[in-house]
Amino acid sequence: MHRYQVQARVNGTWVKTVIFADNDLHARLIAQYQFGHSNVPFAPTKIG
């Protein structure tokens, strides 16, 4: 598992969160599932 930083819009405010996933596609899909498809417009960034 790898750590990915994701920017998401929550109630009109941009937040950064960390998601653990196997690859960047899975990290993006997890974020889109949690925050909504249109609220995650940027690709995740691998950290660590």
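Computed from the coordinates by the stated procedures, all read-outs in this text should not be read as laboratory data. As the structure is a computational prediction, the values presented were derived from the model and not from experiment. Here Cβ is always computed from backbone atoms with ideal geometry, including for glycine, and neighbour counts include all displayed protein chains.
I'd like the full set of residues that are surrounded by 12 or more Cβ atoms within 10 Å (Cβ to Cβ) and either of a type in the set (A, V, I, L, M, F, W, C) or without any contact (Cβ under 8 Å) to a residue 24 or more places away in the chain (or both), limited to the stretch 1-14. Passing the criteria: Val6, Ala8, Val10. Answer yes or no: is there a residue in the stretch 23-32 that is without any contact (Cβ under 8 Å) to a residue 60 or more places away in the chain and on the phi > 0 side of the Ramachandran plot. No, there is no match, as no residue in the stretch 23-32 is without any contact (Cβ under 8 Å) to a residue 60 or more places away in the chain and on the phi > 0 side of the Ramachandran plot.
When the stretch 15-48 is limited to residues that are part of a strand (DSSP E or B), loosely packed, with under 12 Cβ neighbours inside 10 Å and of a type outside the set (Val, Ile, Thr), the one that is farthest from the chain's Cα centre (by Cα) turns out to be Phe20.
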